[in-house]
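As structure tokens, the structure follows; a few thoughts come after it.
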Amino acid sequence: MFESVTVTHNVAAHRYEAVVDGHRSICEYELADGKMVFTHTLVPPELRGRGIAEKLVRTALAEARAAGRKVVPQCSYVARFIERHKEFADLL
């Protein structure tokens, strides 16, 4: 589904990033009470439909799990993603 997309964690900016074809996609979060609050996911129109948002969110949720953090999906994309992928429901 997704091409070779490299996701990086920009800790200072509180976001996960992927640059594809010169365009940056992001999944932003805030830390609050030990939880990762996902606030915004953005993929430029030129890149949509290529699975990049899914790759960003999967990476972010996997890292949240590895760090023992719960998540709060304020971002509608992250909320729908968790609804569709029940294997991440334990993070709520």
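Every residue, every condition in (1) crowded, with 17+ Cβ neighbours inside 10 Å; (2) acidic (Asp, Glu), yes or no:
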residue: 54; (1), (2): yes, yes
residue: 65; (1), (2): no, no
residue: 68; (1), (2): no, no
residue: 73; (1), (2): yes, no
residue: 82; (1), (2): yes, no
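What is the number of the single condition among (1) without any contact (Cβ under 8 Å) to a residue 40 or more places away in the chain; (2) in a strand (DSSP E or B); (3) within 23 Å of residue 92 (Cβ to Cβ) that residue 38 does not meet?
If we test residue 38 against (1) without any contact (Cβ under 8 Å) to a residue 40 or more places away in the chain; (2) in a strand (DSSP E or B); (3) within 23 Å of residue 92 (Cβ to Cβ), just (1) comes out false.
Here are some residues: 79, 67. Which one is of a type in the set (Gly, Ala, Ser) and under 14 Å from the mean Cα position of the chain (by Cα)?
Just a single option satisfies the conditions, and that option is 79.
Could we say that residue 31 is in a helix (DSSP H, G or I) and not small (Gly, Ala, Ser) here?
no
Kindly evaluate residue 61 against the criterion of being of a type outside the set (Gly, Ala, Ser), loosely packed, with under 11 Cβ neighbours inside 10 Å and either under 15 Å from the mean Cα position of the chain (by Cα) or not in a helix (DSSP H, G or I) (or both).
For residue 61, the condition - of a type outside the set (Gly, Ala, Ser), loosely packed, with under 11 Cβ neighbours inside 10 Å and either under 15 Å from the mean Cα position of the chain (by Cα) or not in a helix (DSSP H, G or I) (or both) - is not met.
All of the numbers you see were taken from the coordinates with simple rules; none came from a lab. Because the structure is a prediction, the values reported are computed rather than measured. Because the Cβ atoms are built from the backbone with ideal geometry, glycine has one as well, and the counts that use them run over all protein chains shown.
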